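First up is the structure itself, then whatever we jot down about it.
A short reminder: the numbers here are calculations on the coordinates, not readings from a lab. Only a predicted model underlies this, so the values are computations on that prediction, with no experimental measurement involved. Backbone-built Cβ (ideal geometry, glycine too); neighbour counts: all protein chains shown.
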There are 6 protein chains.
Amino acid sequence: MNGEIYSYLYEKILKIGALDIYTQSIYMKKNRPAVKLCVICEEEKLSEIIELILKETTTLGIRYNKFLRETLDRKIVKIKTKYGNISIKFAYYKGKILKYSPEYEECKVIAENFKLPLKTVYEDITCTVNKYLESFRIK
Amino acid sequence: MNGEIYSYLYEKILKIGALDIYTQSIYMKKNRPAVKLCVICEEEKLSEIIELILKETTTLGIRYNKFLRETLDRKIVKIKTKYGNISIKFAYYKGKILKYSPEYEECKVIAENFKLPLKTVYEDITCTVNKYLESFRIK
Amino acid sequence: MNGEIYSYLYEKILKIGALDIYTQSIYMKKNRPAVKLCVICEEEKLSEIIELILKETTTLGIRYNKFLRETLDRKIVKIKTKYGNISIKFAYYKGKILKYSPEYEECKVIAENFKLPLKTVYEDITCTVNKYLESFRIK
Amino acid sequence: MNGEIYSYLYEKILKIGALDIYTQSIYMKKNRPAVKLCVICEEEKLSEIIELILKETTTLGIRYNKFLRETLDRKIVKIKTKYGNISIKFAYYKGKILKYSPEYEECKVIAENFKLPLKTVYEDITCTVNKYLESFRIK
Amino acid sequence: MNGEIYSYLYEKILKIGALDIYTQSIYMKKNRPAVKLCVICEEEKLSEIIELILKETTTLGIRYNKFLRETLDRKIVKIKTKYGNISIKFAYYKGKILKYSPEYEECKVIAENFKLPLKTVYEDITCTVNKYLESFRIK
Amino acid sequence: MNGEIYSYLYEKILKIGALDIYTQSIYMKKNRPAVKLCVICEEEKLSEIIELILKETTTLGIRYNKFLRETLDRKIVKIKTKYGNISIKFAYYKGKILKYSPEYEECKVIAENFKLPLKTVYEDITCTVNKYLESFRIK
């Protein structure tokens with residue numbers, strides 16, 4: 001299958017409401033390199049996603065199974081930093097903040113505007129949050 | 001495990017009646033690169049395939065699970081092309097042709113005989129089928 | 001390094017004028033999965049790209065080498081199809097058309113507008129070009 | 001996630017009692033290379049391992065499922081070789097020895113002491129065991 | 001590119017006289033999984049192989065470079081084993097046998113005829129050679 | 001080749017003085033998954049490393065080439081943090097600090113002693129350094 005189709009497919013599958021998508025490189029008989037497309041979705045999206053993949057790709061079949069998931073609750077909060085107010089995604093475990101990460105899309109805009117490496121922006125913001133949270137985090 | 005064993009193993013597993021086989025590169029503890037062999041088969045072939053893999057490979061265990069599958073019906077039809085009659089695999093979705101592909105093995109023979117790139121042969125035949133089907137395909 | 005940085009990095013490297021970029025999964029000592037970023041560029045872009053990568057990523061060093069390349073000449077031509085005029089990229093070998101492909105971005109718009117699988121649009125356009133070229137292609 | 005964390009994580013997960021761990025390279029949306037961590041464990045270790053992974057990594061969720069396993073019984077026996085007594089892991093299928101392998105850690109010590117390639121030591125010991133077993137192995 | 005083309009391509013490239021071929025999974029911009037085809041060949045085969053790859057694949061360009069190689073001399077010798085006379089490939093370093101391996105194709109035939117695991121046949125033959133060579137190998 | 005040999009090989013190659021080592025998964029003819037071992041070293045270590053790899057592995061040949069490298073100067077400095085004095089590796093570009101990272105081995109010991117996630121320790125120390133450097137870093 002033409003590799004260019006993936007970004008298109010990803011967009012369409014995410015629009016239906018898939019929780020996550022990824023690909024893995026696999027190797028089939030007769031020395032055929034191939035790509036395994038994996039989609040995580042709620043059960044009620046299943047048939048719509050299967051139909052989409054059957055129509056848009058060259059595959060002749062799709063396998064699926066029910067998995068259990070353990071996920072962290074998430075909340076996005078605006079935090080004041082030296083670059084302005086930034087959205088931070090906080091993840092909770094048993095009611096306490098376990099981890100957090102600045103929203104990448106916002107960091108990218110700042111990196112562009114301030115002409116700084118994205119890594120620097122990301123790190124500076126992370127450290128601002130780190131300072132706020134010192135006393136709250138699960139340790 | 002010696003990499004040369006795979007083509008032998010593939011043949012034997014397919015002969016038992018597996019639906020599909022592929023490998024994935026994985027990385028284990030202590031920096032060990034390894035290969036994960038994945039076999040898709042009907043339940044009644046399971047024990048024979050497990051026995052074969054345990055005997056032929058170095059593995060000490062095999063994991064398996066039941067998966068659901070959504071597959072397209074397929075039919076192979078001979079279509080007349082400028083290279084002669086070629087087998088085309090048609091795949092159906094809800095009773096209508098959804099996709100099709102020329103049989104590779106036949107295309108290879110033609111590419112050799114006509115001294116053409118296999119890609120050209122494949123494309124020419126695909127376009128012949130495309131023309132026939134224009135009015136029938138699900139759109 | 002945070003995986004989210006790659007799309008940002010790709011954009012910036014392509015903006016400088018790199019010819020191509022790709023990543024490969026590698027495995028380092030102490031069971032560390034890592035990503036090798038490979039950039040193909042003309043020599044005069046080298047120092048700018050090196051500086052960018054050193055600044056934006058966590059790497060402590062970059063290796064490079066001169067490679068020879070054999071590339072096909074390309075020309076983009078508008079071809080009339082049932083979906084309208086579409087840009088087709090033709091690639092030439094020793095002055096003759098060797099291959100061609102419709103521009104994906106245009107195919108995507110058509111797929112959306114006509115509510116067709118992208119694969120179908122791509123195939124239909126390819127077959128239109130195939131018909132035009134039958135007599136010209138190197139065979 | 002910083003790749004250096006894996007060896008640490010592997011150790012901690014194995015200490016809890018996981019049966020096996022491996023990683024796979026995957027590719028996510030927005031060109032993000034990522035690593036999928038797979039752990040095989042008995043059900044009673046599940047919640048402890050999930051908690052560890054949620055705390056130690058950047059992941060926001062873990063998927064799991066019950067798999068069936070077919071494993072070979074194993075027994076470690078000391079065998080006399082020209083390098084001294086070495087532990088050999090024997091694997092049994094339906095009560096008979098099906099395969100065996102010398103313990104790598106012991107082979108490494110011998111390779112160092114005898115200044116031999118590890119491959120040579122491993123092969124010599126394998127052949128010593130091969131000779132012993134000629135009459136017993138399932139064939 | 002259709003994955004089925006690889007076995008065909010491998011055969012044709014090897015027939016021209018390439019020393020080795022392999023593929024690597026890579027990831028390109030816009031979430032495109034791709035396959036990098038690597039060919040090792042003597043300089044005088046270069047242009048023929050480049051022409052073949054340009055004609056048979058969808059690639060628009062090929063990169064190449066001169067590498068130095070350090071290879072072991074090899075000699076194939078028939079050795080008498082309990083399965084009959086088998087071809088063994090011996091590899092020499094500074095005039096002495098450094099390693100050896102039975103020819104896989106012959107081992108496959110034996111495995112089929114004797115209804116033994118290929119692994120067992122391979123191991124038995126390796127141990128027969130091991131016994132012969134005990135006194136000659138570099139250690 | 002038995003995957004268990006890699007950690008042994010890595011150690012031996014690093015002891016000779018290689019600058020870096022990594023592996024890549026590749027796929028060879030006849031459906032053989034394989035591992036490509038890549039070593040970066042100064043020219044004067046080349047022959048010793050080649051000899052080691054030829055002796056310890058099943059390979060019949062090694063390819064090598066001269067690459068240019070652009071690396072950052074590094075200095076390790078002890079920085080006072082709430083977990084005690086920690087070694088921080090600073091990397092310089094044109095005389096200015098460009099990036100830095102705490103030494104993983106020290107962070108691991110702290111994570112164990114303080115019963116904290118390694119990620120938390122690493123982040124806390126990074127933020128301590130971030131605070132010190134705010135005014136010095138290239139931005």
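Could you tell me the number of lysine pairs in segment E:4-56 with C-alpha atoms less than 22 Å from each other, where the two lysines are 8 or more residues apart or belong to different chains? Number of lysine pairs found: 9. Taking amide H as placed 1.01 Å from N in the peptide plane, E:Y93 has its amide H under 5 Å from the amide H of E:L98, each at least 5 places away in sequence or on another chain.
Counting Lys and Arg as +1 and Asp and Glu as -1 over every other residue whose Cβ lies under 10 Å from the Cβ of D:E70, the net charge comes to +1.
Of E:Y122, E:I40, E:I76, which is farthest along the charge dipole of chain E in the positive direction, counting Lys and Arg as +1 and Asp and Glu as -1 at C-beta? It is E:Y122, whose Cα lies furthest towards the positive end.
The phi-based Karplus calculation (6.51 cos²θ - 1.76 cosθ + 1.60; θ = phi - 60°) puts the 3J(HN,Hα) values of segment E:72-86 at 8, 5, 10, 9, 9, 10, 7, 10, 7, 10, 5, 9, x, 7, 10 Hz, whole numbers, x for Gly and Pro. Charge dipole (Cα centre; +1 on Lys/Arg Cβ, -1 on Asp/Glu Cβ; no other charges) of the protein assembly as shown amounts to roughly 0 debye. With N counted as the residues of the protein assembly as shown, its alpha-carbon radius of gyration over 2.2 N^0.38 Å works out to 1.00.
Taking only the alpha carbons of chain F, we obtain Rg and Dmax values of 19.9, 58 Å in that order.
The 3J(HN,Hα) values that the Karplus relation (6.51, -1.76, 1.60; θ = phi - 60°) gives for segment C:48-60 are, in residue order, 5, 5, 4, 4, 4, 5, 4, 6, 8, 10, 8, 5, 9 Hz. Gly and Pro appear as x. Extents of segment D:4-56, taken as max minus min of Cα coordinates on every principal axis and listed largest first, are 36, 22, 19 Å. For the peptide C:9-21, the mean number of other protein chain Cβ atoms found within 10 angstrom of a residue's Cβ is 2.
Put simply, the C-alpha atoms of segment D:73-134 give a gyration tensor, and the ellipsoid matching it has half-axes of 22, 11, 9 Å, longest first. Report, in deg cm²/dmol and to the nearest 500, the calculated mean residue ellipticity at 222 nm for chain F, where each DSSP H run with n ≥ 4 adds -39500 (n - 2.57) and the sum is divided by the residue count. The helix-only estimate for chain F comes to -11500 deg cm²/dmol at 222 nm. Between amide H atoms placed 1.01 Å from N, distances below 5 Å from E:I26 occur with E:A34, E:V35, E:K36, all of them 5 or more places distant or on a separate chain. The mean number of partner chain beta-carbon atoms within 10 angstrom of a residue's beta-carbon across peptide D:116-128 is 6. Across peptide F:82-89, the mean count of Cβ atoms from other chains lying within 10 Å of each residue's own Cβ comes to 0. Taking 0.36 nm per residue of separation and subtracting the current Cα-Cα distance, fully stretching the chain between E:Y93 and E:E11 would add 26.5 nm.
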